[in-house]
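Read the figures in this text as sums done on the coordinates, not as results from a lab. From a predicted model like this one, the values you see are computed outputs, not experimental measurements. Using ideal geometry, Cβ is built from the backbone for each residue, glycine included, and neighbour counts are taken over all protein chains shown.
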Amino acid sequence: MDVIVVEGGARLKGQVTVSAAKNAVLPVIAACLLTGGECYLEDIPWLADVDTMCGVIAELGAEVDSSGGGLRVACRDLASWEPPYTYVRRMRASFLVLGPLLARLGRARISLPGGCAIGARPIDLHLKGMAALGAEIQVDGGSVVARARQLKGTRIYLDFPSVGATENIMMAAALAKGTTIIENAAGEPEIVDLANFINAMGGRITGAGTRVVKIEGVKELHGARHAVIPDRIEAGTFMVAAAATGGDVLVNNVIPNHLNAVTAKLAEAGAVLTEENGGIRVTADPPLRAIDIKTMPYPGFPTDMQAQFMAVLAVARGSSVITENVFENRFMHVNELKRMGANIVTEGHCAVVKGVPRLTGAKVAATDLRAGAALVIAGLIAEGVTEIGAVYHLDRGYANLVEKFRSLGANIRRETR
Ligand code: UD1
């Protein structure tokens, strides 16, 4: 079992380069199933979730080659319409192969993703979308079975701008007959990246990034080459860590617009952010000021940055109110932060964080990916040694996290126990 050991107190200094976005690369790999042509994805972040998605499409019959710097995928003949349960159980995003399988093979059978630590996370909107496109959907023995002779373009209104549902519907509709309009679609940068990839394959998608996405179905898509966007959540994590430690860090390979909510909130808390040579430089003189945060679909404040901000607000001057509007149970990190001395009270989907003078190192456990990142940040600012267990959560979404923090001067190491 691996643990991450952090000795607090070091100010982060230097430059760090962000990897390609996990949440962009996963749907893009799924979208490779839409064509028999060869696709090449540049700058892949080598993460556990990427391995899982590669495993899923390989089981479905794709040839996957990661021997170069990027990922070469060819899905000439799909051998199966059922990704194995072992993969789907491991990662909810496996469900993103539903749309491509339906579009390409006219059928799919996928286990229902189980309950997840950060909330029930149903898939009703994905299924509603597929049904609207003409698929017949049944739930049989814990799996969704979907069938369609020919998907047909239609208008779909999403009750909530779900990222995964928007992506699944976009992929299915790309090969449907006629035009599909998704209303109240998610507008995250990862949606735009997926649309750009599908368009590079010969698809016809417009409006991605806005609340209304239009997909004109085409008969066939071809192979394409694509460079995935940088990971705005990884960037945000380093920015918060820099501010929390009173450091001076230039975060490279970012698209500043994707980080507007994060930079606005860090600045409100007293950090100084400047755009420099295509990166964002963050300096701060802690303690930061308390601020209120409400998570929202993009361009609102990202739920995936909520835990990291909570860690730094735990030692801010004053009381902060954090409202989680995207997931119903995303405060698992609160108890771990409290074990380090934080003063946090939760009530429903609100958390009141009363800043304390200092956190102290403790043995804690990552409860999910971003909770793990929050504990690393808490460890960096705590007095003494923090030992973070359940590190596999961090491996799902941060490439070389320990090495990157070490290069910034953090006292952090990984140990196998
Ligand atoms: C994606 C991201 C995740 C991020 C989340 C919100 C990936 C691989 N993961 O997850 O990191 O935290 O967006 O920005 O890109 N919902 C339904 N019915 C559905 C689908 C979703 O009710 O059919 C609800 C969920 O329970 C949740 C909310 O909608 O409360 C947002 O979920 P969604 O946007 O779908 O998140 P994911 O695509 O799972």
Which aspartates and glutamates, on any chain, are close to Lys354 with Cα under 14 Å apart, when same-chain ones fewer than 8 places away are left out? Asp292
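Using the C-alpha atoms of the stretch 1-69, what convex hull volume per residue, in cubic angstrom, is computed? Don't skip to the end; give the middle numbers.
Values: hull volume 9.2 nm³, N = 69.
Each residue corresponds to 133 Å³ of Cα convex hull volume.
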Convex hull of Cα atoms in the stretch 53-119, direction-averaged projection (nm²): 5.2 nm²
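In deg cm²/dmol, rounded to 500, what helix-only [θ] at 222 nm does the chain give when every DSSP H run of at least 4 residues adds -39500 (n - 2.57) and the total is split over its residues?
On the way: 14 runs with 131 residues, N = 417.
After summing the helix terms and dividing by the residues of the chain, the value is -9000 deg cm²/dmol.
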Take each of the peptides 263-271, 331-339, 28-36, average the number of other beta-carbon atoms within 10 Å over its residues, and list them starting from the highest. 28-36, 331-339, 263-271
For a quick size check, give me the Cα extents of the stretch 154-212 along its three principal axes, largest first, whole Å. 29, 24, 16
Cross-link partners among lysines for Lys152, C-alpha distance below 25 Å, same-chain residues fewer than 8 apart left out? Lys128, Lys177, Lys214, Lys219
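Over all distinct Cα pairs, what is the inverse of the mean 1/r for the stretch 117-246, reported as the Kirkwood hydrodynamic radius in Å? Present the calculation step by step, with values, prior to reporting the outcome.
Numbers: mean 1/r = 0.0625 Å⁻¹.
The answer is 16.0 Å.
Just how large is the dipole of the chain about the Cα centre, in debye to the nearest 20, putting +1 at every Lys and Arg Cβ and -1 at every Asp and Glu Cβ? Provide the component values of the computation, followed by the final result.
Details: 42 positive and 42 negative charges, 93 e Å.
Charge dipole of the chain: 440 debye, to the nearest 20.
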Over the Cα atoms of the stretch 2-131 the radius of gyration and the largest Cα-Cα distance (Dmax), both in Å, equal 17.1, 57
Convex hull (Cα only) mean projected area of the stretch 240-358, reported in nm² to one decimal: 6.7 nm²
In µm²/s, what is D for the stretch 210-281 at 10 °C and 1.306 mPa s, where D = kT/(6 pi eta Rh) by Stokes-Einstein and Rh is the Kirkwood radius from Cα pairs? 110 µm²/s
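Would you please put 164-171, 227-234, 254-261 in order of how densely packed they are, using the mean number of other Cβ atoms within 10 angstrom per residue and starting with the highest? Present the calculation step by step, with values, prior to reporting the outcome.
Numbers: 164-171: 26.9, 227-234: 24.0, 254-261: 18.1.
Ranked from most to least packed, the peptides come out as 164-171, 227-234, 254-261.
Work out the length of the dipole vector of the stretch 33-113 about its Cα centre, built from +1 on the beta-carbon of each Lys and Arg and -1 on the beta-carbon of each Asp and Glu, and round it to the nearest 20 debye.
Details: 8 positive and 10 negative charges, 91 e Å.
Charge dipole of the stretch 33-113: 440 debye, to the nearest 20.
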Tell me, what is the FRET efficiency for Arg406 and Asp140 to the nearest 0.05, using R0 = 60 angstrom and their Cβ-Cβ distance as r? 0.75
Hey, any idea what the orientation-averaged projected area of the convex hull of the chain's Cα atoms comes to, in nm²? 18.2 nm²
